[in-house]
Structure formats: structure tokens, C-alpha cells
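A.B. asks: Take this structure, written in C-alpha cells, and hold onto it; I'll ask about it next.
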Amino acid sequence: MANPAHVSRVRTLYKRILLLHRFMPIDLRALGDQYVKDEFRRHKTASPDEVKYFMREWENYKDTLQTQVLETAGGWVKKMEFGAELTEEKLKLFQDDQVGQLYELMRESTKPNRQFDIQEDGPQK
């Protein structure tokens, strides 16, 4: 059985990321939510070493996204931009399947014709 403190930490991180995604444009939110859900599900049975790296990287993602959301809300930046540059050193640490997954994610997030036809809630016209 998993350590309850670890399970709580994973669940808290997961929920915080999904909460921060609410500040993203609706199509990116849907893509990001699905990706996060798949990744967390995929790593349920990961080794302790993989879990350590997994948690560190998702904590970094959460911190970056949280900073970007707060900067936008505080008026320090005019337009919200998401993400951070991926260094060549970090990219070299990726396995082939991870590079492929990253490429597919990049393609999906930059499509001119959005995959998701989701309408934001708002006043009816």
C-alpha cells in the first residue's frame, strides 16, 4: 500500500495543476487537463526513482504556471503566455518515446484548426 502522505501530496499537486489550467484558453485547458490525467494515471505504478523525478518536474510545471497566472492577474504582463523554454540539456535526458510525446503535444497545441470545439460559458447573444 502506498504511503498516505505521498498519496496526499500527489493528489494535491494534481488538483492544483487542474485548478491552474482554468486560467488557460479553453482549448489549451482541455488539452492540458487530458495530458495531466493521462500522465498521472500512467505513473501510478512507476518506480520510486521515476516517481521522484516525475513529482519534481510536475512541481516545476505547477510553479511556472502559477507564476504566469499571478503575473497576469497582477497586471505585470499584458498577455498571458504559457510554458517555459526547454533547454537542450533537459531534452537530452528524454527517452525516445518522451520526445515523440512532446512533439505530438506541441503539434496539437499549435494547430491552426483547434481540435476542441468548446464554447466558454457566457451571456447568450
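Here, each number is a calculation from the coordinates, and none is a lab measurement. All values derive from a computational prediction rather than experimental measurement. Cβ coordinates were reconstructed from backbone atoms using ideal geometry, including for glycine residues, and neighbour counts include every protein chain displayed.
A.B. asks: Return a whole-number percent for the relative contact order of the chain, with Cα pairs under 8 Å and 6 or more residues apart as the contact set.
C.D. replies: 31
A.B. asks: Next question, about the same structure. Report the residue, chosen from 39, 88, 71, that carries the largest GNM mean-square fluctuation when the chain is represented by alpha-carbon nodes joined by springs under 10 Å.
C.D. replies: 88
A.B. asks: Still on this model: Taking the Cα centre of the chain as origin, sum charge times position over the Cβ atoms of Lys and Arg (+1) and Asp and Glu (-1), and report the length of that vector in debye to the nearest 20.
C.D. replies: 480
A.B. asks: Find which of 34, 73, 54 sits farthest along the positive direction of the dipole of the range 26-107, computed with +1 on the beta-carbon of Lys and Arg, -1 on that of Asp and Glu, about the Cα centre.
C.D. replies: 73
A.B. asks: Exceeding 29 Å between C-alpha atoms, which entries from my cross-link table qualify? They are 52/78; 44/79; 52/111; 15/52.
C.D. replies: 52/78; 44/79; 52/111
A.B. asks: Across the range 1-81, how large is the tail of the calculated P(r) beyond 16 Å, expressed as a percent of all Cα pairs?
C.D. replies: 55
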